[in-house]
Amino acid sequence: MTGAPFLEARGMTGGYGAADILHDLTMTVATGEIAVIVGPNGAGKSTAMKAVFGMLPLRSGAVLLDGDDITRLSPQERVARGMGFVPQVRNIFPSMTVQENLEMGGYLRRDDISGTIDQVYDLFPILRDKRHQSAGELSGGQRQQVAVGRALMTKPRLLMLDEPTAGVSPIVMDELFDRIIEVARTGISILMVEQNARQALEIADTGYVLVQGANRYTDTGQALLANPDVRRSFLGG
Amino acid sequence: MIDALNALVVLANFVIVPAVAYGAQLALGALGVTLIFAILRFTNMAHGDTMAFGTMATIFTTWGLQNAGISLGPLPTALLALPVGIAVTALLLLGTDRLIYRFYRAKKVAPVMLLIVSVGVMFVMNGLVRFIIGVDDQRFADGERFIISARTFKTMTGLDEGLAIRTTQGITVVTAIIVVAALFWFLERTRTGKSMRAYSDNEDLALLSGINPERVVMITWVLVAALATIAGVLYGLDKSFKPFTYFQLLLPIFAAAIVGGLGSPVGAIIGGFVIAFSEVGVTYAFKRVLGYLLPEGLEPTGLVQLLGTDYKFAVSFAILVVVLIFKPTGLYKGASA
């Protein structure tokens, strides 16, 4: 733990219809920490992200951001409060240029956003070269960089990533993870869902193993990687 | 050589100039259709009648101005009345949205439902316009009739054939260029325009970025009101205003939007000219053009007209069918219709 919890989601229970998907789920992310949610398919990982972001009605439980209760706020209001969300799919504006994607990311801001755009380009240098190209024409890895860059435009203090490495090559995946660590070093807390559990836990300060919408194991990334039960059941030995 | 020039002048007079003007009118109409499709995600069957309503509002304002003795000199008074017509039409469209479309949008109904809803809106607008102004032809063009009349052209050039360019044709093209340039500047350069493109691209992500969908929808309707009214008034000045003709314009306008690629503004413009040139070209009798070009003795005895002008709608319809079969996304990769 590197600080006080910045995000605290307590006892989240809820789902889309009558049946609950999440059962008393609890997650916290400290300032500047990387928290990773892993688990088998259908464990409710993405649903948990949506719940934290206000895209899923909760029957009980609470979400606290920097000590404030934000349980009743809409996703847009949460963005204004300092949360950034990168959806798993359809996370860019394909017909718009890279630069315009970033501008739209900073749509809510009324101040000068050019400094933040430069920071995103420093983080993802390839995007600076391609800034006048349509985002839809980029490779999978570059599109994910645009998606993360767009979410960074509001200068969030918590960045939520839903499977940022889905569908990219292992080399690109490593590079994306490096960038995510870099983002975390600037003091931004990160909560992400990952399919590549082993690699993700390696960079995680905290890992949450979810099974059927409930907490199964919660520990540091290293401890989870060393835990024989977790290895056998979720990391393939 | 003189024969070739004469042939060119005949062609310009009867095909090129009218088709360019007609194409510009269709392009403006198709831009409205394509904008609604891209941002509001449905095909608006009421667009022809929106054009009729806007034109009607402009005609009444024109008559008012004429009665007050206000005119634009050589230019038609209708240009002065245009902003009023646009404002009234914008109010009608915003009211329609508030009353009807918003209900269905909140329910997130399928686009085809909205299409059917727009058919209902079309019938109401259709009735409204006929009820207020009547079903008859209305002429409201005033000012100078010609930029160049056929006789002036003949004395100027000494050719046998004359080329007439009517004021309304000139105004149509100039206005269309200004409107299109302004629209593209708005969509490409302004923050609001970009937010509309973002909303069109990815509605959910636009929401996450803090773009207010209701504001995007409102601005879209205002733009559509402006495009539809301008297109309708230019068409009415160039030809005449008759509610039924405007309803019929729906077919070439849809054909233009679909040929260009639904949702693509550039495509809508190209589509407008493709349809206009096909319609005018296929229904024009080429006898006189060929008479100048072919050697003596080979002049055609018939009219050399592929289709009678009564069948001009068949041209748009045929192009529409061919495009839908072979290239359903249109020339500029729009959504498949």
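Readers should treat all values here as calculations from the given coordinates under stated rules, not as data from a laboratory. Everything numeric in this text was worked out from a predicted model, so none of it was measured. Positions of Cβ are generated from backbone atoms using ideal geometry, with glycine treated the same way; all protein chains shown enter the neighbour counts.
Taking every DSSP beta bridge that has both residues in the protein assembly as shown, what percent is antiparallel when rounded to the nearest 5?
The antiparallel fraction comes to roughly 60 percent.
Give the long-range amide H neighbours of B:L75: residues separated by 5 or more places, or on another chain, with amide H under 5 Å away, using H modelled in the peptide plane at 1.01 Å from N.
B:E144
Under the classification rounded if a/c is under 1.5, otherwise prolate if a/b is larger than b/c and oblate if not, where does the stretch B:11-76 fall, given a ≥ b ≥ c as square roots of the Cα gyration tensor eigenvalues?
oblate
In deg cm²/dmol and to the nearest 500, what is the mean residue ellipticity at 222 nm of the protein assembly as shown if only DSSP H runs of at least 4 residues count, each as -39500 (n - 2.57), divided by the residue total?
It lands at -17000 deg cm²/dmol.
In terms of the Cα gyration tensor, with a ≥ b ≥ c the square roots of its eigenvalues, is the stretch B:53-117 rounded because a/c is under 1.5, prolate because a/b exceeds b/c, or oblate?
prolate
Taking the Cβ of B:G73 as the center, what net charge do the other residues with Cβ under 11 Å away carry, scoring Lys and Arg +1 and Asp and Glu -1?
Once all neighbours under 11 Å are counted, the net charge is -2.
Give, as a single signed number, the net charge of other residues whose beta carbon lies under 14 Å from the beta carbon of B:L8, with Lys and Arg counted +1 and Asp and Glu -1.
So the environment of B:L8 carries a net charge of -2.
Residues with amide H under 5 Å of B:R166's amide H, sequence separation 5 or more or different chain, H placed in the peptide plane at 1.01 Å from N; which?
The list, which skips near neighbours in sequence, is B:I147.
Enter the angle in degrees (range 0 to 90, nearest 10) between the Cα long axis of helix A:170-185 and the first principal axis of the Cα atoms of chain A, meaning the one along which they spread out most.
Orientation of helix A:170-185: about 90 degrees from the principal axis.
Please enumerate, by chain and number, the aspartates and glutamates with C-alpha under 12 Å from the C-alpha of A:K50, excluding those fewer than 8 residues away in the same chain.
Cα-Cα hits under 12 Å: A:D162.
Give the relative contact order (percent, whole number) for the stretch B:2-326; include only Cα pairs under 8 Å separated by 6+ residues.
It rounds to 34 percent for the stretch B:2-326.
Between the stretch A:185-234 and the stretch B:1-78, what is the separation of their alpha carbon centroids in Å?
For the stretch A:185-234 versus the stretch B:1-78, the Cα centre distance is 64 Å.
Taking only Cα atoms, what is the 0 to 90° angle, nearest 10, from helix B:191-201's long axis to the longest principal axis of chain B?
90 degrees
Can you give the angle from 0 to 90° between the axis of helix B:2-11 and the longest principal axis of chain B, with both taken from C-alpha atoms, to the nearest 10?
So the inclination is approximately 30 degrees.
I'd like the Karplus ³J(HN,Hα) series for the stretch B:287-294: coefficients 6.51, -1.76, 1.60, θ = phi - 60°, whole numbers in Hz, and an x wherever there's a Gly or Pro.
3, 5, 4, 5, x, 6, 8, 7
Principal axes first, then extents: for the Cα atoms of the protein assembly as shown, list largest minus smallest coordinate on each axis, whole Å, largest first.
Its Cα atoms span 98, 53, 42 Å along the three principal axes.
What nm distance separates the two modelled labels at B:K327 and A:R232, each placed 7 Å from Cα along Cα→Cβ?
6.3 nm
Relative contact order, percent, of chain A when contacts are C-alpha pairs under 8 Å separated by at least 6 residues?
Result for chain A is 27 percent.
When N is the residue count of the stretch B:2-326, what does its C-alpha Rg come to as a fraction of 2.2 N^0.38 Å?
1.07
Tell me which residues come under 5 Å, amide H to amide H, from A:Y208 once H is placed; ignore anything under 5 positions away on its chain.
Distant-sequence amide H within range of A:Y208: A:V36, A:I37, A:V38.
What percent do you get for the relative contact order of the stretch A:142-237 when only Cα pairs under 8 Å and 6+ apart count?
Reported relative contact order: 21 percent.
So how far apart, in nm, are the two label points at B:Y311 and A:Q222 if each is 7 Å from Cα heading toward Cβ?
8.4 nm
Give me the net charge for the shell around A:R10: Cβ to Cβ below 12 angstrom, other residues only, Lys and Arg +1, Asp and Glu -1.
Every neighbour counted, the sum reads -3.
Using a 7 Å offset from Cα along Cα-Cβ at A:D112, what residues in the stretch A:118-145 end up with backbone N under 19 Å from the label point?
A:118-122
Show me, for the stretch A:29-37, the HN-Hα J-couplings you get by feeding each phi into the Karplus relation (A = 6.51, B = -1.76, C = 1.60, θ = phi - 60°), rounded to Hz, glycine and proline as x.
Each residue's phi maps through the Karplus curve to give 10, 7, 4, x, 9, 9, 10, 10, 9 Hz.
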